[in-house]
1. For residue A:17 and residue B:5, what does the FRET efficiency come to when R0 = 30 Å and r is the distance between their Cβ atoms, rounded to the nearest 0.05?
2. Would you order A:244, B:35, A:77 from fewest to most other beta-carbon atoms within 10 Å of each residue's own beta-carbon?
3. By how many nm would the segment from residue A:186 to residue A:293 lengthen if fully extended, with 0.36 nm per residue of separation less the alpha-carbon distance?
4. Given Cβ point charges of +1 (Lys, Arg) and -1 (Asp, Glu) and nothing else, what value in debye, to the nearest 20, does the dipole of the range A:243-312 about its Cα centre take?
5. Let me spell out the model: positive unit charges on the Cβ of Lys and Arg, negative unit charges on the Cβ of Asp and Glu, origin at the Cα centre of the range B:2-59. What dipole size does that give, in debye rounded to 20?
6. Can you give me the C-alpha center-to-center distance between the range A:233-312 and the range A:20-85, rounded to a whole angstrom?
7. Work out the FRET efficiency for residue A:7 and residue B:50 from their Cβ-Cβ distance, taking R0 = 22 Å, and round it to the nearest 0.05.
8. Mind putting a number on the dipole of the protein assembly as shown about its Cα centre? Charges go on the C-beta only, +1 for Lys and Arg and -1 for Asp and Glu, and I need it in Debye to the nearest 20.
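No value in this document is a laboratory result; all are computed from the given coordinates. Please read these numbers as outputs of a predicted model, since none were measured by experiment. Don't worry about glycine lacking a Cβ; one is built from the backbone with ideal geometry, like all the others, and counts go over all protein chains shown.
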Amino acid sequence: MKCKRCQSKAEVHLRQHNSAFCRGCFVFFLQRQVQRAIEKQRMFTRDEEVLVAVSGGKDSLALWDILVELGFRTTGMHLALGIGAYSQASTEKTEAFARARGLRLIAVRLEEEGVAIPTVVAATHRPACAACGIIKRHYFDRLAFEHGFPVLATGHNLDDEAARLLGNVLHWQLHHLAKQHPVMESTHERFVRKVKPLFRISEYETAAYAFFRGIDYIVEECPNSVGATQLVYKDALNRLETVMSGTKLAFVQEFLRTGRVAFAGHSDGAPETCARCGAPAFGSRCAFCGLVHEVEAKRQRRATAGCANKSQ
Amino acid sequence: MRITLLPQHKQIELDGRRRVGDILQHLGLLPGTVMVIRGNELICDSEFVEANEAIEIRNVISGG
């Protein structure tokens, strides 16, 4: 198989684009695809400094690398989730990436904040991925706002967006369908614009890009993701993709182009303000403070039980 | 050929010269969900792996 651009030996075959590329041409192709997405969707300009959420995985590190290569001003933001050796390795990879390139990184350790994922899951009995999502979104929004960034970029890729869309359609989540878009504009003074520059790039492409660029990312999966619903959706979509190339891209692109408008009337509207922390909230308390309240209540019950045992 | 599956760190031996696409099918893996790495290069589904070669098959699907 030969490279579409230079006719040398191809290393990647992209069925959805009916194209194959050598290493150098693929890196060029991918960077250009991301640049086009940023421009076409008006995600941000070169005057704006971008806060990039980085986990230590292939997608977020590839995104950060691409934005730097395209000449955008960036700062990384990493949350150490407190999930044992997995989180420790993720943080090490992220810090090593930033250090090697001389990039600024803001890191927050959830253990020091009292909301490490295992602690929260044990106290609330919520699914780990659900609790993790609430905590991540809270800190992403908070750090972006507190540090004065106008825009926050995440490494969500085509497979993530297609799986999310499939889940929203299967359960007819009209509010979620209304707001599923690669650009989420600010709807509250403490919300900054959120963008997904990789929304048209498949997981295979971000992995290949990271491999070619020598990015040392964490290959191991989060131990909490075993059996996650999102992986079931991804598997179903990849089976469709095997027999019908381009299904995932068409699913997401056509939803954005023609389908999404049908759900516009189901938007949540502007959020209110959390009475506890001042963050955006749908109700009097934000989802994060709801979690914290549950964790604190559990701690109090334990402390009370401990005192009762000692006094016996 | 010797195959290392990541992230499981599992080793598999297969005999004979085989096409990458056939190896993936044999292992029940879908194209586009893994990278097939030989040395320092990625190899496409249409390429052959010789009986005496070693490859790494690395999962690219993450979720949660």
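1. Details: r = 27 Å, r/R0 = 0.91.
The computed FRET efficiency comes out at 0.65.
2. Values: A:244 12, B:35 21, A:77 25.
Ordered from fewest to most neighbouring Cβ atoms within 10 Å, A:244, B:35, A:77 come out as A:244, B:35, A:77.
3. Values: separation 107, 0.36 × 107 = 38.52 nm, distance 2.65 nm.
Taking residue A:186 through residue A:293 to full extension adds about 35.9 nm, to one decimal.
4. On the way: 10 positive and 5 negative charges, 85 e Å.
Roughly 400 debye, rounded to the nearest 20.
5. Working: 7 positive and 9 negative charges, 29 e Å.
Dipole about the Cα centre, nearest 20: 140 debye.
6. The distance from the Cα centre of the range A:233-312 to that of the range A:20-85 comes to 24 Å.
7. Between residue A:7 and residue B:50 the formula returns 0.35.
8. 440 debye
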